[in-house]
Amino acid sequence: MVEPAASTHISEEQEGGEQQEEQQRVLPEVQIVPHRLLSEKTGMKLVEELKTVGLVSRVAYAGPGDTIGYIWVEVFGFHEKTMERIRAACDKYLPFGYDLSVGRFTKYRKTVSDYIREDMMRRLREKLAELAEKGGEGEEKEEGRR
C-alpha cells in the first residue's frame, strides 16, 4: 500500500496580543465503510476494539439516527501491522463486508465557515444580552408608573 502524505500546518493565532505559532501534524486516517448500516450496539463494539489497536490516536463514527455508517480511525503512522489489526477487527464485526480507504476524511482544523459561524453566534449572544438588558429596564419603568 502507498503511504499517504502527511502535511504540516503552521498557523499564527493572536491571544492576548501575542502571536503564537502552533505546529499541527496532520495524521492519516483509515475510513471504514460497512456494506450495511451497523446497529449502535455492534458499531460500538467495533469502535471499542479499534481503540485497542496500536498507534490509534482516535476513533470517530457517523451515521443516520442510531446507526453507524462510517468509522474513521486516526493513526499516528501508517503501518501494515496496524492495517492488519484494523482488518481483523472489521472481519470480526463486519462479516457482510466493508471497504477500507486511507487518507484524511475528517476536519483537523477550523474552516472559514467555522470562524464565520462562531462570529455569528457571538454577535447573536451579544444582541440577545443587549435586548434582555433593555427589556429589564422597560419592566422597571412600567412598575414605577403603577
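Mind checking which strands (runs of 3 or more DSSP E) fall wholly inside the stretch 1-66 and carry at least 1 residues that are open to solvent by 50 Å² or more (accessible area, probe 1.4 Å) and at pLDDT below 95?
Per the criteria, 8-15, 18-25, 56-62.
Return the residue satisfying two criteria in turn: it lies in the stretch 67-95 and is at pLDDT 90 or above and open to solvent by 60 Å² or more (accessible area, probe 1.4 Å), and of such residues it is farthest from the chain's Cα centre (by Cα).
If we take residues in the stretch 67-95 being at pLDDT 90 or above and open to solvent by 60 Å² or more (accessible area, probe 1.4 Å), then Pro95 is farthest from the chain's Cα centre (by Cα).
I'm checking my understanding of the structure. Among residues of the stretch 97-137 that are exposed (fewer than 10 other Cβ atoms within 10 Å of the Cβ) and in a loop (DSSP other than H, G, I, E, B), which one is farthest from the chain's Cα centre (by Cα)?
Here the answer is Thr111.
For Arg109, state whether it is farther than 30 Å from Arg36 by Cβ, charged (D, E, K, R) and at pLDDT 95 or above. Even if it seems obvious, please write down each step before you answer.
On the way: farther than 30 Å from Arg36 by Cβ: yes; charged (D, E, K, R): yes; at pLDDT 95 or above: no.
For Arg109, the condition - farther than 30 Å from Arg36 by Cβ, charged (D, E, K, R) and at pLDDT 95 or above - is not met.
The values are calculated or read from the model by the stated rules, or taken from the named source; none is laboratory data. Given the structure is predicted, the values throughout are model-derived calculations rather than measurements. Positions of Cβ are generated from backbone atoms using ideal geometry, with glycine treated the same way; all protein chains shown enter the neighbour counts. Ligands, DNA and RNA are stripped out before the accessible areas are found, and what is left, the full protein with its side chains, is counted by its heavy atoms. Shrake-Rupley method; radii C 1.70, N 1.55, O 1.52, S 1.80 Å.
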